[in-house]
2 protein chains.
Amino acid sequence: MTYAAPPPTADDPDSERAQFGRRLRALRRDRGWTLSELAERSGLAVSTLSKAERGLMSLTYDRMLQLARGIGVDMAELFTPDGTSFAPGSFAVAAKGEFKRQETPNYVYEMLFPEIRNKAMVPMMGTLKAHDLKDFDDFVRHPGQEFLIVLEGAITVFAEGKAPVTLRQGDSLYLDSSRGHLYASAGAQDARILVVCTEPDTTEPAPADASGSRV
Amino acid sequence: MTYAAPPPTADDPDSERAQFGRRLRALRRDRGWTLSELAERSGLAVSTLSKAERGLMSLTYDRMLQLARGIGVDMAELFTPDGTSFAPGSFAVAAKGEFKRQETPNYVYEMLFPEIRNKAMVPMMGTLKAHDLKDFDDFVRHPGQEFLIVLEGAITVFAEGKAPVTLRQGDSLYLDSSRGHLYASAGAQDARILVVCTEPDTTEPAPADASGSRV
DNA sequence: CAATCGTTTTTCTTATCGGAAAAATTTGCC
DNA sequence: GGCAAATTTTTCCGATAAGAAAAACGATTG
């Protein structure tokens, strides 16, 4: 009845440890440093670095701390992969209205730049229709973070475990989108909002997705 | 000629390791778990957890990975001290105008949610002043991607290697911000834009910062 | 071929880590 | 409040892996 899969010693090239090692090697090579140069900067032995980068060794906290300082990054940065496949130098312009629509009776969302795949951010233009509060959609939950700003009108933000908040034109919101959330027009008129997510929202409109991640 | 101070074995209560340990203990107690409960969830020994939480031991990568999974957090989250990261479930509202300003003769940028650190996205409100095109700023370059939408007025986008583009109200732009770029008001009046970056732009207005980190 | 540079392997010391006993803390009961 | 039982945490010790120093290996260049 073990909860987490115990990886005691993994030598396969796709283990987390091997990936971590490749990330270390990338960080070093990005800077044009050799093993011995990083060894000098970090105070670690060359052999240690070599084994760590190849995933043959499991660095201890102390060594990782030295390593992070030697590289010049935050400790957390060692564990946040940085690869998005947005091609280097990319550049795209969208004219007003050139959007891909997703529509329900309650709202219209138009994704900007649908032709760019794997964006680090997904900007969407939303129109929340002034509507009866009877047939509401369910909370939406998806991984990542979300930014919202009210362009026209006013909206009510329902967030799981929070009292409803009213945002007026120019107000904005930043939230962890794994917390259940739902937007609705607050006034008698339609509201226009701009939403930017860090990850594409693949959830379907209605069903309450019960894939409970992180309490 | 060592660059980073080597902390081989530190037993003082204010070492990074001790702080890390206290953070681990907090994460566990927040969930109301005992050492043996976390031991079962993570697959680590009780004694190991005890020593790690007191900073008497330097956990290896493999154990930290098991631990993170047992606790149910991302590896990086173990290293992001509480106040400074966008914690899971976070939720923040900014009223119009509650921004941190950065001003030059040509523009005013106001960062939204300056109190939230380590956001995945950095939304900023910008006012581009109608100005002579004589004293222009230089291209700006920073890692990450950038989204822009014109809220009021019209702007001209200068991007390195591209012909200038004019964006009007409602138009938007998505670019790799490592490509040199520069925005200016296009008309005779000021323009208002919303910019969202994937990483904080730490570049100073004018001077060419030569502290080359990751090209 | 020699020489240099970057990486890997070898050898040896020391620390991590798991298991179980000991100590400390909390809980139950009168 | 006090004492005993149960639970939680810490300490002790042996097996195994981390980590430093140095030698070996491979590639590149003069």
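The values are calculated or read from the model by the stated rules, or taken from the named source; none is laboratory data. Please read all numbers here as calculations on a predicted model, not as lab measurements. In this analysis, Cβ positions are derived from the backbone assuming ideal geometry, glycine residues included, and neighbour counts consider all displayed protein chains. Note: areas computed on protein heavy atoms with side chains; ligands, DNA, RNA excluded. Shrake-Rupley method; radii C 1.70, N 1.55, O 1.52, S 1.80 Å.
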- Shielding of B:40-48 by partner chains, average beta-carbon count, 10 Å: 2
- Task: Hey, can you grab everything whose amide H is under 5 Å from the amide H of B:VAL157? Only 5+ residues off in sequence or another chain; H modelled, so Pro and N-termini drop out.
- Result: B:VAL165, B:THR166, B:LEU167
- Item | Average other protein chain Cβ within 10 Å of Cβ, residues B:120-128 | 4
- Amide H of B:SER177: which non-local residues (sequence gap of 5 or more, or other chain) have their own amide H closer than 5 Å, using H built in the peptide plane? B:GLY144, B:GLN145, B:GLU146
- Would you mind getting me the FRET efficiency between A:ALA130 and B:THR166? Use the beta-carbon distance for r and R0 = 25 Å, nearest 0.05. 0.15
- Task: Report, as an integer, the average count of C-beta atoms from other chains found within 10 Å of each Cβ along A:65-73.
- Result: 4
- On each of the three principal axes the extent of the alpha-carbon atoms of region A:16-79, given in whole Å and largest first, is 25, 23, 22
- Taking a probe of 1.4 Å and counting only protein heavy atoms, give the total accessible area buried between chains B and A in Å², rounded to the nearest 100. 6400 Å²
- Query: Could you give, in nm with one decimal, how far A:GLY72 is from each other copy of that position, shortest first, with labels 7 Å out from Cα toward Cβ?
  - Reply: 4.0
